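**Student:** The structure is given below, and queries will be raised subsequently.
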Amino acid sequence: EGRKGAFFGEPTADGGLYLAVDFPGVGDDDHLVVTCNETGINFGAEIIKVYEHDEVGRFYHGNIDTSHSLEHHEVNHTISCGVLKIFVKPPQCNTDNE
């Protein structure tokens, strides 16, 4: 059981999206950026703490093409145990009659 690769994604019941991406060594203290645009999701991280076997910190970056705009979606993310978890929630529709 469990994930078979470095990336996992699935739709959520509310029409959103849940994504998980392996970011080995990235933690809460590191510089992490997740943004949405007209073609999908961009993400990146810079590991601040340099370990003895590294000359400089590590950099990660990537993107996921969703084939439609996510600019108005709510995006939240967490990092835990080297896994970046991204939660994309669709914009709320205004159903009030004014």
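**Student:** Could you run through the range 9-34 and say how many residues are surrounded by 12 or more Cβ atoms within 10 Å (Cβ to Cβ) and either under 11 Å from the mean Cα position of the chain (by Cα) or aliphatic (A, V, I, L, M) (or both)?
**Tutor:** 11
**Student:** Looking at the range 69-82, can you tell me whether even one residue there is touching a residue at least 60 places away in the same chain (Cβ under 8 Å) and out of contact with any strand residue (DSSP E or B) (no Cβ under 6 Å at 6 or more places or on another chain)?
**Tutor:** Checked against the condition, which is being touching a residue at least 60 places away in the same chain (Cβ under 8 Å) and out of contact with any strand residue (DSSP E or B) (no Cβ under 6 Å at 6 or more places or on another chain), the range 69-82 yields at least one hit.
Read the figures in this text as sums done on the coordinates, not as results from a lab. On a predicted model such as this, the values are computed, not experimentally measured, just so you know. Every residue, glycine as well, gets a Cβ built from its backbone with ideal geometry; the counts of neighbours run over all protein chains shown.
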